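Single-structure report; data block below.
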Amino acid sequence: MTYIKRLLDADETIRHISNNFENDFALSEGTGIAIFRYLVIHKIIQVDMFQPINVNQKIKININSLGIHRELKIV
């Protein structure tokens, strides 16, 4: 949830958010981008799929509450 909050609150690129997240939690390089991909693939966050996803640019992200409920198994 911390990563999702950062995505929604930040006015930075996905790469920058991911790098900061990795540094803050002492994660391996690439973990932040892997989490981003997981969230998109599992429809937990929504991005405009009609535009190429470039992690070096700011991307408008919406949260999919149904995706979160399904992932966390909340009824």
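The values are calculated or read from the model by the stated rules, or taken from the named source; none is laboratory data. Here the structure is a predicted model, which is why all the values come from computation and not from measurement. For neighbour counting, all protein chains shown are included, and Cβ atoms are generated from backbone atoms with ideal geometry for every residue, glycine included.
The C-beta contact set for the stretch 21-44 (first residue over 16 Å from Val55 (Cβ atoms), second residue surrounded by 13 or more Cβ atoms within 10 Å (Cβ to Cβ) and at pLDDT below 95, distance under 7 angstrom, 6+ apart or interchain) comprises His42/Gly67; His42/Glu71; Lys43/Asn64; Lys43/Gly67; Ile44/Asn64; Ile44/Gly67; Ile44/Ile68; Ile44/Glu71. Taking the chain as the region of interest, the helices (runs of 4 or more DSSP H) fully inside it that hold 2 or more residues being modelled with pLDDT under 95 are 2-9, 31-41, 65-72. For the stretch 19-32, the set of residues classified as closer than 11 Å to Tyr3 by Cβ and not polar (S, T, N, Q) consists of Phe21, Glu22, Asp24, Phe25, Leu27, Gly32, listed by residue number. Annotation: of all residues in the stretch 1-38 being over 13 Å from Ile61 (Cα atoms) and polar (S, T, N, Q), the one that is nearest to the chain's Cα centre (by Cα) is Ser18.
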